[in-house]
Amino acid sequence: MLALLSQLLAEAAGHRSAVGAFTCYNLEQASGVLRAAEAREAGVVILVSEKSFTGADGPRLLSALVAAAERSHAAACVQLDHVSDLGLIESAFSLGAGAVLADGSHLPFDENVALVAAAADHGEVEAELAGIAGDEDVAVAQAAGAFTDPELAALLVERAGATCLAVSIGNVHGVYREPPRLDWERLASIRARVGCPLALHGASGLSDANVRRAIRLGIAKVNVNTELRDRYLAITAERIGAALDGLRLLDLNAAQTEAVADVVAAKLDLCRG
């Protein structure tokens with residue numbers, strides 16, 4: 001069933017847990033996410049990257065993921081991730097997205113506020129302050145980028161009306177160049193000042209202990225992408241030989257979905273703290 005991001009965040013807050021958010025590039029991955037969510041009776045966010053959405057079949061993909069979420073027994077929100085083009089944001093909402101990440105982290109502060117506020121006129125919006133290093137779609141080793149300023153974070157949320165705020169506290173997208181060192185004091189300071197739930201991106205490379213600690217300190221949404229792609233491609237490589245014998249595409253798709261579901265199930269258990 002479709003759900004708003006705010007609904008999922010509120011439910012997670014009531015259980016002192018976090019919502020798992022998972023980037024999906026096709027229906028096999030989305031089916032794995034939803035299967036795990038149903039088994040765990042957990043709400044989830046299905047993320048669509050900007051590169052996926054701006055591809056030739058991007059609108060069809062987003063619409064298909066919305067339809068899959070709508071038919072699921074789990075509460076699910078489809079969110080367009082990391083976009084700074086207001087036209088893309090409006091298009092995503094028109095196609096049924098329940099939220100977008102209006103990413104103005106690369107813009108001057110006032111322009112970031114303006115982008116988030118304009119996006120919020122169309123639906124629920126996640127904001128970001130201080131760009132989180134790395135590429136959503138390509139797993140290249142990254143060092144941490146700029147860190148989120150707690151005072152500016154509070155001003156951004158207050159002025160722009162964000163539903164959720166993605167923070168940069170030493171986390172990166174993709175692969176960590178060195179063992180991550182998260183700034184726990186900064187996270188606590190942001191949590192004390194910001195009046196909306198916080199999101200942690202780049203959770204694929206973090207230890208379970210770090211994710212649990214982040215949730216205890218106020219993280220309410222945990223984004224996972226790299227681990228899903230890694231497992232999806234690994235199972236594809238492992239099973240492709242057998243699939244080619246008889247062109248057993250359905251068998252391969254089933255294995256891909258099951259592999260993603262296994263990763264998601266473990267992450268959902270972790271998000272429960």
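Coordinate-derived values only; no laboratory data. What you see is a predicted model; the values in this text were computed from it and never measured. Positions of Cβ are generated from backbone atoms using ideal geometry, with glycine treated the same way; all protein chains shown enter the neighbour counts.
Answer yes or no: is there a residue in the range 63-85 that is surrounded by 15 or more Cβ atoms within 10 Å (Cβ to Cβ), farther than 21 Å from residue 264 by Cβ and among the aliphatic types (A, V, I, L, M).
Yes, the range 63-85 has at least one match.
Considering every residue within the range 46-56, establish whether at least one is closer than 19 Å to residue 129 by Cβ, within 16 Å of the chain's Cα centre (by Cα) and surrounded by fewer than 24 Cβ atoms within 10 Å (Cβ to Cβ).
yes
For the structure I just gave you, tell me whether residue 251 is buried (at least 16 other Cβ atoms within 10 Å of the Cβ), more than 29 Å from residue 4 (Cα to Cα) and of a type in the set (Asp, Glu). It would help to see each step written out before you state the result.
Details: buried (at least 16 other Cβ atoms within 10 Å of the Cβ): no; more than 29 Å from residue 4 (Cα to Cα): yes; of a type in the set (Asp, Glu): yes.
Here the answer is no, as residue 251 does not meet what is asked.
If we scan the range 86-98, do we find a residue that is in a strand (DSSP E or B), in contact with a strand residue (DSSP E or B) (Cβ under 8 Å, 6 or more places away or on another chain) and not hydroxyl-bearing (Ser, Thr, Tyr)? Please lay out each step first, then the result.
Quick first cut of the range 86-98, residues in a strand (DSSP E or B) only: none.
No, there is no match, as no residue in the range 86-98 is in a strand (DSSP E or B), in contact with a strand residue (DSSP E or B) (Cβ under 8 Å, 6 or more places away or on another chain) and not hydroxyl-bearing (Ser, Thr, Tyr).
Every residue in the range 183-207 that is within 16 Å of residue 224 (Cβ to Cβ) and over 17 Å from the mean Cα position of the chain (by Cα), please.
207
Could you list all residues from the range 1-45 that are crowded, with 22+ Cβ neighbours inside 10 Å, in contact with a Cys (Cβ under 9 Å, 6 or more places away or on another chain) and in a strand (DSSP E or B)?
19, 20, 21, 44, 45
Tell me which of these residue 53 doesn't satisfy, since it passes every other one: (1) of a type outside the set (D, E, K, R); (2) over 22 Å from residue 172 (Cα atoms); (3) out of contact with any Gly (no Cβ under 9 Å at 6 or more places or on another chain).
(2)
Name the single residue that is surrounded by the fewest Cβ atoms within 10 Å (Cβ to Cβ) among those in the range 94-116 being touching a helix residue (DSSP H, G or I) at 6+ places or on another chain (Cβ under 9 Å) and more than 19 Å from residue 131 (Cβ to Cβ).
Only one residue fits best here, namely 96.
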